[in-house]
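The values are calculated or read from the model by the stated rules, or taken from the named source; none is laboratory data. This structure is a prediction, so every number in the text was calculated from the model and none was measured. Note that we place each Cβ from the backbone using ideal geometry, even for glycine, and neighbour counts take in every protein chain shown. Side chains are part of the model used for accessible areas, which takes the heavy atoms of the whole protein and leaves out ligands, DNA and RNA. Shrake-Rupley method; radii C 1.70, N 1.55, O 1.52, S 1.80 Å.
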Amino acid sequence: MLDITIERLIPKTTKGKDFVQICGILTASLGGFSAGAHLAWLSPSVPKLLLNSSYIGPITLDEASYFSVITPIFTIIFSFVVGNAMKIIGRKHLIGFMAVPHIISWLLIATAQSIVPIYISRAFNGISDAVTVCTSTVYIGEITTPLVRGKWGNMLMCAIFFGHLSVVVVGVYCDIVSTAYIFLIPPVLQILFTMVVPESPYFLIMRGRDNEAMSALRRFRWKKDVREEFSAIKKDIEAKSSESGVFSDLFRNATNRKALWIVMALFTFVEYSGLPGFVTYAQYLFQLAGGTSLSAEVSSIIFFSVLFLLTVSASSVVGNYSRRTMMIISSFGCAISLLMEAIFFYVKDETALGVSHISWVPLLGMLCYIIFLSAGLSRMPFLMIGELFSPGIKNYAVFIASSYQAVNMIIVPKLLQLLVTNFSMYVPFMFFTCSCLIATIFCYLCVPETRGRTLEEIQRILNSKT
């Protein structure tokens, strides 16, 4: 009925229109927005929960540190479930399901009377994150044309970082309970949107439901005739089925092993540059810095604003330059920025020198860190997965990399909390500085240049270094 009404207003043409594809991307991205909001919710909320006036009673920093640990554990566990469910019940229904754990999670936070419901809410958040990682990116890739994907494909990542920024802004001006109720709105909208967008034509073809796939493709393209594209998609699925590799190919082939080692190392450096910890404890770290004319709340808003704006703008710029060069510049720039932070906190905590006249340094250092991180280190690892591996084993590489990233998202925030609790503030910044310096050396010595090269050329380079 809705399709008929829309078609009367916007008739289907031979050239087609993009608005249904964009609606599909928006539907999946609403889940990314909620995932980003849940992750960064810790930044404004942890300082409030540490107060004696907290709505659930006082908690310790050690207890709060497990908020960031629980979510990725459940993401890893449910990634296996979601990966299999995606093949059976489809992409669209899983994306709709993703909203349910988000709703439960926010309700648990809003109604909590102790720390336990918040721990449980973080577990539900991990379930939704598994759907975001495994399903949303696949759905967006399968429903869009290359032109739409080029213009709108980054919306999911932008939505995640906009979720970061939104929850930090709302969390500054609203209490924890009000914030939770406000952020119930996006997952409810997501359920409503899921009811009207079509299923992925790729999934429907793989399940032998060709008539439904043809109808879904007509809706996504908003075209009268999609038989040519339908045939091309069907041939592509058949070709991929015949060429698909097996999981062990990642380890049996020396070139694949080298590529996997490079990708895993890059993901290690991304996480141990400190990003997961800084997102989790941004406002708390600015509080510890103290003495600035800007409050910790305002500093964290600026931090997340820059993170969001650079995510939106950097994609179109970074892709135009050498991957290897950008990784080297990014890693070294992050090291210098974090070293600036380490020196500030060393002078502040370990000497008698006053730092009130340079209290702006922590915010400046973190902004420089975000700028350099966005220039390469935060985005190149995922980009290089697509360039270093053949299509038949790329999914296996993505699965390993995503699981490994989730494991490090457990470790890094907890590590930051332990270093902050047991040592002076300059110690964690020196640790992350050293990690970025090692990353600079690694990128210079080991990372091949992939921009503008075919898979065969890249694999020859890897073979020459194996």
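Selection of the stretch 417-434 for residues being open to solvent by 10 Å² or more (accessible area, probe 1.4 Å), part of a helix (DSSP H, G or I) and of a type in the set (Ser, Thr, Tyr) yields THR421, TYR426. Restricting SER54, SER29, SER68 to residues that are surrounded by 23 or more Cβ atoms within 10 Å (Cβ to Cβ) and at pLDDT below 90 narrows the list to SER68.
The residue that is farthest from ALA64 (Cα to Cα), among those in the stretch 276-300 that are in a helix (DSSP H, G or I) and open to solvent by 30 Å² or more (accessible area, probe 1.4 Å), is VAL298. Sub-6 Å Cβ pairs linking a first residue in the stretch 232-253 that is open to solvent by 90 Å² or more (accessible area, probe 1.4 Å) to a second residue that is of a type outside the set (Asp, Glu) and modelled with pLDDT under 70, at least 6 apart or interchain, are GLU243/GLY392, ordered by first then second residue. Tell me, yes or no, whether the stretch 435-450 has at least one residue that is modelled with pLDDT of 80 or more, open to solvent by less than 20 Å² (accessible area, probe 1.4 Å) and among the small types (Gly, Ala, Ser). Taking every residue of the stretch 435-450 in turn, at least one turns out to be modelled with pLDDT of 80 or more, open to solvent by less than 20 Å² (accessible area, probe 1.4 Å) and among the small types (Gly, Ala, Ser).
The C-beta contact set for the stretch 33-44 (first residue closer than 16 Å to ILE127 by Cβ, second residue aromatic (Phe, Trp, Tyr) and modelled with pLDDT of 90 or more, distance under 6 angstrom, 6+ apart or interchain) comprises ALA37/PHE183. Taking each residue of the stretch 212-224 that is within 16 Å of VAL196 (Cβ to Cβ) and in contact (Cβ under 8 Å) with a residue 24 or more places away in the chain and looking for partners that are open to solvent by 10 Å² or more (accessible area, probe 1.4 Å) and among the basic types (Lys, Arg) with beta-carbon atoms closer than 7 Å, six or more apart or interchain, yields TRP222/LYS12; TRP222/LYS17. Candidates are the residues of the stretch 364-380 that are at pLDDT 80 or above and open to solvent by 30 Å² or more (accessible area, probe 1.4 Å); the one that is nearest to GLU449 (Cα to Cα) is PHE372.
Report whether or not ARG460 is basic (Lys, Arg), surrounded by fewer than 18 Cβ atoms within 10 Å (Cβ to Cβ) and outside any helix (DSSP H, G or I). It is false that ARG460 is basic (Lys, Arg), surrounded by fewer than 18 Cβ atoms within 10 Å (Cβ to Cβ) and outside any helix (DSSP H, G or I). Restricting the stretch 14-26 to residues that are farther than 16 Å from PHE161 by Cα and open to solvent by less than 50 Å² (accessible area, probe 1.4 Å), the residue that is modelled with the lowest pLDDT is GLY16.
Determine if the stretch 438-451 includes at least one residue that is more than 19 Å from LEU266 (Cβ to Cβ) and either part of a helix (DSSP H, G or I) or not aromatic (Phe, Trp, Tyr) (or both). Show your work before the answer.
First, the residues of the stretch 438-451 that are more than 19 Å from LEU266 (Cβ to Cβ): none.
So far as the stretch 438-451 goes, no, none of its residues is more than 19 Å from LEU266 (Cβ to Cβ) and either part of a helix (DSSP H, G or I) or not aromatic (Phe, Trp, Tyr) (or both).
Yes/no per residue for (1) over 20 Å from CYS174 (Cα atoms); (2) of a type outside the set (Phe, Trp, Tyr):
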| site | (1), (2) |
| --- | --- |
| VAL46 | no, yes |
| GLY57 | no, yes |
| TYR66 | yes, no |
| LEU94 | yes, yes |
| PHE97 | yes, no |
| ILE103 | no, yes |
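Going through (1) open to solvent by less than 30 Å² (accessible area, probe 1.4 Å); (2) under 19 Å from the mean Cα position of the chain (by Cα) one by one, ILE59 falls short only on (2). Being modelled with pLDDT of 80 or more, under 15 Å from the mean Cα position of the chain (by Cα), open to solvent by less than 10 Å² (accessible area, probe 1.4 Å) and not small (Gly, Ala, Ser) is the filter here; which residues of the stretch 381-416 pass it? Once the filter is applied, which keeps residues that are modelled with pLDDT of 80 or more, under 15 Å from the mean Cα position of the chain (by Cα), open to solvent by less than 10 Å² (accessible area, probe 1.4 Å) and not small (Gly, Ala, Ser), the stretch 381-416 yields only ASN408. Residues satisfying the criterion are absent from the stretch 357-365 (criterion: touching a Leu at 6+ places or on another chain (Cβ under 6 Å) and in contact (Cβ under 8 Å) with a residue 40 or more places away in the chain).
Looking at the stretch 194-263, the helices (runs of 4 or more DSSP H) lying wholly inside it that each contain 2 or more residues that are of a type in the set (Asp, Glu) and within 30 Å of PRO448 (Cα to Cα) sit at 227-243. Within the stretch 16-50, the set of residues being within 18 Å of MET157 (Cβ to Cβ), over 12 Å from the mean Cα position of the chain (by Cα) and among the hydroxyl-bearing types (Ser, Thr, Tyr) comprises THR27 only. Do we have PHE345 as under 28 Å from PHE162 (Cβ atoms), at pLDDT 80 or above, in a helix (DSSP H, G or I) and open to solvent by less than 10 Å² (accessible area, probe 1.4 Å) here? So PHE345 fails the test.
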